[in-house]
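See structure below.
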Amino acid sequence: MKNMKKILALLMTGAMVVGFASCGKSDDKKATENNDKNLVVGFDQNFPPFGYVGEDGEFTGFDIELAAAAADKLGLEVVYQPIDWDAKDMELSSGTIDCIWNGFTLNGREDDYAWSDPYMNNAQVFVVRSDAGIESETDLAGKIVDVQKESSAETALNSDDNKALTASFNQLIPVADYNTAMMDLESGAVDAVAMDKFVALDQTKDKADTFKVLDYEISSEQYAVGFEKNNTELRDKVNEALKEMNEDGTFAKISEKYFGENVSILK
């Protein structure tokens, strides 16, 4: 009788193990299927007009809308994942996000990601206070400049091309995001902010009495969508969606909403 109870106990335990194992496999498969149905977009939520939180509390922006339109054409559900910009590579390599789509500069990073075709031109510029008497980059000698960590502006300022200019600053301070940088500038804590041109134009619109963008371009560049280097399959699908959007007018419609013109350089 005791042996029979032991046998029954062993059989029940075995059945439970099989059941749990089967359940685990089913959940894993379901998770994989769900991932296959989503396009998880990594972006900086403090980067208007490309990605930010709208007045309604929802994520919005030029790249946010482009990503949604591309996902729609691919039959995928877009999922927005805000990230710390200086952690973007970790987020991508860990699989937390499928791509980086947020005013992401291709130049200088060509070998680091699988890239879509570049879709718009951009430049890095300086924003200063209107009453500061700073008219050109030479006036920044001895001044304090903010820049976002791991940004294209930081890379450009630390490049050989701009070594002399950066050396002329009193200090170059990396900060977490451009909202912080612009608050520093407005308060007088710093004298200038180096940032993407279209972000600068957005930050200074209707604020001519407070800020101005210098004509000097620190560097010129192009924006594209970045994927993990071996994820060329998804890259190619998104690339085709972008081309289709360029041809059917979807890209132009979104672009005109944010910039008043079609900024596409897609072919």
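The values are calculated or read from the model by the stated rules, or taken from the named source; none is laboratory data. Computed from a prediction, not measured in an experiment: that's the story for all the values here. Backbone-built Cβ (ideal geometry, glycine too); neighbour counts: all protein chains shown. We work out accessible area using only protein heavy atoms, side chains counted, and drop any ligands, DNA or RNA first. Shrake-Rupley method; radii C 1.70, N 1.55, O 1.52, S 1.80 Å.
Once the Cα-Cα distance is subtracted from the 0.36 nm per residue extended length, the Ala87 to Asp161 segment shows a gain of 24.0 nm.
Step through the table entries Lys37/Lys73; Lys73/Lys253; Lys37/Lys237; Lys88/Lys205; Lys37/Lys253, compare each Cα-Cα distance with 18 Å, and write down the pairs that go over it.
Lys88/Lys205; Lys37/Lys253, as the Cα separations exceed 18 Å there.
Only aspartates and glutamates eight or more places from Lys149 in sequence, or on another chain, were considered; those with a Cα closer than 14 Å are Asp44, Asp84, Asp86, Asp89, Asp177, Asp196.
Shown here are the Rg and Dmax of the Cα trace of the stretch 49-192, at 17.3, 53 Å.
A 1.4 Å probe run over the protein chains yields, for the chain, 53 Å² of accessible area per residue, whole-number rounding. DSSP bridge analysis restricted to the chain gives an antiparallel fraction near 60%, rounded to the nearest 5. Working from label points 7 Å from Cα in the Cα-to-Cβ sense, the Ser130 to Val213 distance is 1.6 nm.
Computed from point charges on the beta carbon alone (+1 for Lys and Arg, -1 for Asp and Glu), the dipole magnitude for the chain about its Cα centre is near 1700 Debye.
Helix-derived [θ] at 222 nm for the chain: sum -39500 (n - 2.57) over DSSP H runs of at least 4, divide by residue count, nearest 500?
Numbers: 9 runs with 110 residues, N = 267.
The helix-only estimate for the chain comes to -13000 deg cm²/dmol at 222 nm.
If I compute solvent accessible area with a 1.4 Å probe over the protein chains, what percent of it on the stretch 121-267 is carbon and sulfur? For the stretch 121-267, the apolar C and S fraction of the accessible surface comes to 42 percent. Label reach from Asp236 (point 7 Å along Cα→C-beta): in the stretch 69-93, amide nitrogens under 17 Å belong to 74. The simple spin-label model puts a point 7 Å past each Cα toward its Cβ; for Gln171 and Asp56 those points are separated by 4.2 nm. Ranking Gly260, Gln222, Val238 by how far each Cα lies toward the positive end of the dipole of the stretch 222-267 (charges on Cβ) leaves Gln222 at the top. Which of these values of Rg/Rh (Cα atoms, Kirkwood Rh) was calculated from the structure shown: (1) 1.16; (2) 1.13; (3) 0.97? Working out Rg/Rh (Cα atoms, Kirkwood Rh) from the coordinates points to (1).
Here r is the Cβ-Cβ distance between Thr138 and Lys37 and R0 is 51 Å; the resulting FRET efficiency, rounded to 0.05, is 0.40.
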